[in-house]
1. Please work out which one of (1) part of a loop (DSSP other than H, G, I, E, B); (2) modelled with pLDDT of 90 or more is the condition residue 10 fails and give its number.
2. For segment 49-85, name all the residues that are within 17 Å of residue 25 (Cβ to Cβ), out of contact with any strand residue (DSSP E or B) (no Cβ under 7 Å at 6 or more places or on another chain) and either modelled with pLDDT of 80 or more or assigned to a helix (DSSP H, G or I) (or both).
3. Within the set of pairs 6+ apart or on separate chains, which have a first residue in segment 34-45 that is at positive phi and assigned to a loop (DSSP other than H, G, I, E, B), a second that is surrounded by 15 or more Cβ atoms within 10 Å (Cβ to Cβ) and modelled with pLDDT under 95, and C-beta atoms under 8 Å apart?
């Protein structure tokens, strides 16, 4: 098991579009990956589980991976989170009239 603490940096926190991208990215791996925040743990491969955490912007979370490709999954997920943020939020700016 590998455990890291990181910040979720999207301006609006972990919203539907960001959670959807996260799940799509992580489905390529066979290891289990979870995020722990505010006493709750979510499966990172489940949009509903992620949204239930109600993560706001720039919140520190605990990420844990376990399984055969845990090292690669954690490294690439940390890279994903580092490059993620404003580009995800930009697509969330949708006006519905």
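The values are calculated or read from the model by the stated rules, or taken from the named source; none is laboratory data. Please read these numbers as outputs of a predicted model, since none were measured by experiment. Heads up, the Cβs are rebuilt from the backbone with ideal geometry, glycines too, and the neighbour counts pull from every protein chain shown.
1. Residue 10 satisfies all of (1) part of a loop (DSSP other than H, G, I, E, B); (2) modelled with pLDDT of 90 or more except (2).
2. 51, 69, 72, 75, 76, 79, 80, 82, 83
3. Note: pairs meeting the criteria are 38/53.
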